[in-house]
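The values are calculated or read from the model by the stated rules, or taken from the named source; none is laboratory data. These figures come from a predicted structure and were not determined experimentally. Cβ placement follows ideal geometry from the backbone for every residue including glycine, while neighbour counts extend to all protein chains displayed.
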Amino acid sequence: MRPRRAAAPYGVGGGSTVSGLMIECPPLSRLPADLLEEGDLTLRAWRPADGPTLLTAVLESLEELHPWLPWAHRAYGPEDAAAFLDQMDCAREHGTDFGYAIVEGEALAGAIGLHLRDDPRRLEIGYWVHTAHAGRGLATRSVRLLSAEAVALGEVDCLEIRHDRANERSGRIPRRLGFAYAGQRRRAPQAPGETSTELLWRLWCTDDARRTLAAPT
Ligand SMILES: CC(C)(COP(=O)(O)OP(=O)(O)OC[C@H]1O[C@@H](n2cnc3c(N)ncnc32)[C@H](O)[C@@H]1OP(=O)(O)O)[C@@H](O)C(=O)NCCC(=O)NCCS
C-alpha cells in the first residue's frame, strides 16, 4: 500500500498548497461509486490522463477561481495538475478522499470532491465549475448527485460545505439543497476574495435528506 498523502483542499484542484497535510481519519469502508450519471451530467473519478484538460479548464477559469481557491493562480501549470491527479488517485485508493471530474456531454466542466477531514463521521464537499459552464445550475446538480451518493453510503452522520462569507454564490448551493446553516468561524483569508469568516452548512444523513436530494433542483 502506498503511503498516505495529502488530499486537496476542498476547492479541489491543486496539490502544491497542501504539501505535508496528513489525513488522520480511518478510511470509509463503503466507497462512493467511481461514476455517477444524471442525464448529460457525469461525475467520474479523475484519471491520470485528465492532466491536460484539467490544466486548460483551470487556466480558462482563473478569473472566477482565483478569488476563492488558493491554488488557482497564473502560475498553475502541468505539474500542479499532475500532482493533484496523483493525490486524488492515492487518496481514493486509501478511502479518504474522492475527487471527480464534472463532465457535461464530453467536456470537462469542473471538479467536485468528497473529503474526509478530521472527523470520520463527516464528509466535506468542495467544488468549482469551468467558467464556460457556470450559471446554469451545474454546480447545484453536481452537489446534489454526489450528496445523494454520500448519504446512501450510510458511512457518515452528515455532509458539510464550507465557504467564505463573501462567496455568496457558493453559499446558495447548500442552501438550495437543504443543508442547514451551522455557524461560522474566524480564519485567516486563504485566497484574494476571502474575508476572515468561513460559513459552515450541514446536511444530516436522514430519510428527509434522502427525499430532498431525490427531488429535482
Ligand atoms: C460557485 C460555483 C461553483 C457555482 O457554479 P455554478 O454552476 O455557476 O452554480 P449554479 O448555476 O448551480 O448556481 C448556484 C447559485 O448561484 C447563483 N448564481 C449563478 N450565477 C450567478 C452569478 N453570476 N452571480 C450570482 N449568483 C449566481 C444561482 O442563481 C444559484 O443560486 P439559486 O439556487 O439560489 O438560484 C462557481 O461559480 C465557481 O466555480 N466559483 C469559483 C470556485 C468556488 O467558489 N468554489 C466554491 C468554493 S467554497
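Remarks
- Residue 142 closer than 20 Å to residue 158 by Cα and in contact with a Phe, Trp or Tyr (Cβ under 7 Å, 6 or more places away or on another chain): yes
- In the set (1) modelled with pLDDT under 95; (2) β-branched (Val, Ile, Thr); (3) touching a strand residue (DSSP E or B) at 6+ places or on another chain (Cβ under 7 Å), residue 217 fails one condition alone, (3).
- For region 180-192, the condition holds for no residue, the condition being that it is hydroxyl-bearing (Ser, Thr, Tyr), outside any loop (DSSP other than H, G, I, E, B), more than 23 Å from residue 70 (Cβ to Cβ) and under 18 Å from the mean Cα position of the chain (by Cα).
- Where helices (runs of 4 or more DSSP H) fall wholly inside region 1-114, the ranges with 2 or more residues that are at pLDDT 90 or above, within 16 Å of the ligand (Cβ to nearest atom) and within 25 Å of residue 149 (Cβ to Cβ) are 51-60.
- If you go through region 146-156 and keep only what is surrounded by fewer than 21 Cβ atoms within 10 Å (Cβ to Cβ) and either of a type in the set (Gly, Ala, Ser) or modelled with pLDDT under 95 (or both), you end up with 148, 152, 153, 154, 155, 156.
- Filter pass, residue 188 being among the hydrophobic types (A, V, I, L, M, F, W, C) and either touching a Cys at 6+ places or on another chain (Cβ under 7 Å) or loosely packed, with under 14 Cβ neighbours inside 10 Å (or both): yes
- For region 166-189, a tally of residues being more than 11 Å from the ligand (Cβ to nearest atom), farther than 22 Å from residue 211 by Cα and not hydrophobic (A, V, I, L, M, F, W, C) returns 6.
- Scanning region 125-162 for residues that are in contact with a helix residue (DSSP H, G or I) (Cβ under 7 Å, 6 or more places away or on another chain), within 12 Å of the ligand (Cβ to nearest atom) and either among the β-branched types (Val, Ile, Thr) or free of Cβ contacts under 8 Å to residues at least 60 places away in the same chain (or both) yields 125, 129, 131, 139, 140, 143, 161.
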